[in-house]
Amino acid sequence: MYNALGFIEISGTTAAITALDVMCKTAGVELVTWERKLGGRLVTLVITGEVSAVTDSVEAVKKNGLLPPVATLVLANPHPETVKMVELSAARLKRKNAPDDTAKMAPDMRPSEPVKTNKKK
């Protein structure tokens, strides 16, 4: 269970990366997930940590971010249904970014197709 969740919605991927960097450097928070909407023109970052750390991180982005956030929210002791929604987003991101090991291998290192034989049983 998360102690607190922090949400930052900001315009642009570069501003979001800067915001995440500021948040992580400000206090002991971790990225849970992120969502891009409108082709990356609007990015939502979700962080977690102790309530005070999340609050300090969100406030730091408001003061020191590349751009001001469009919206911010700190949820202390989030409800299990809220956590479920955040975890669904995190799971989608994880599946989307899962490496396809065979596609990245050099052609001569990829597993070969199984050899078909005409053995009778």
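Rule-based calculations on the coordinates, nothing more; no lab input. As the structure is a prediction and not an experimental result, all values here were calculated from the model. So basically every Cβ, Gly included, is an ideal-geometry build from the backbone, and we count neighbours across all protein chains shown.
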- Task: Can you pull a Stokes-Einstein diffusion coefficient for the range 4-95 at 4 °C (1.567 mPa s), Rh from Kirkwood over Cα pairs, as a whole number of µm²/s?
- Result: 101 µm²/s
- Item | Relative packing of peptides 44-54, 76-86 - highest average C-beta neighbours within 10 Å first | 44-54, 76-86
- Item | For the range 4-95, size of Cβ-based charge dipole, Lys and Arg +1, Asp and Glu -1, in debye | 380 debye
- the range 4-95, relative contact order in percent, only Cα pairs under 8 angstrom and at least six apart counted: 40 percent
- Query: Which values of log₁₀ I(q)/I(0), to two decimal places, follow from the Debye formula for the range 37-88 at q = 0.14, 0.22, 0.28, 0.32 Å⁻¹ with a uniform point scatterer at every Cα?
  - Reply: -0.44, -0.97, -1.18, -1.26
- Expressed in nanometres to one decimal, the distance between label points 7 Å along Cα→Cβ at A60 and R92 is 2.9 nm
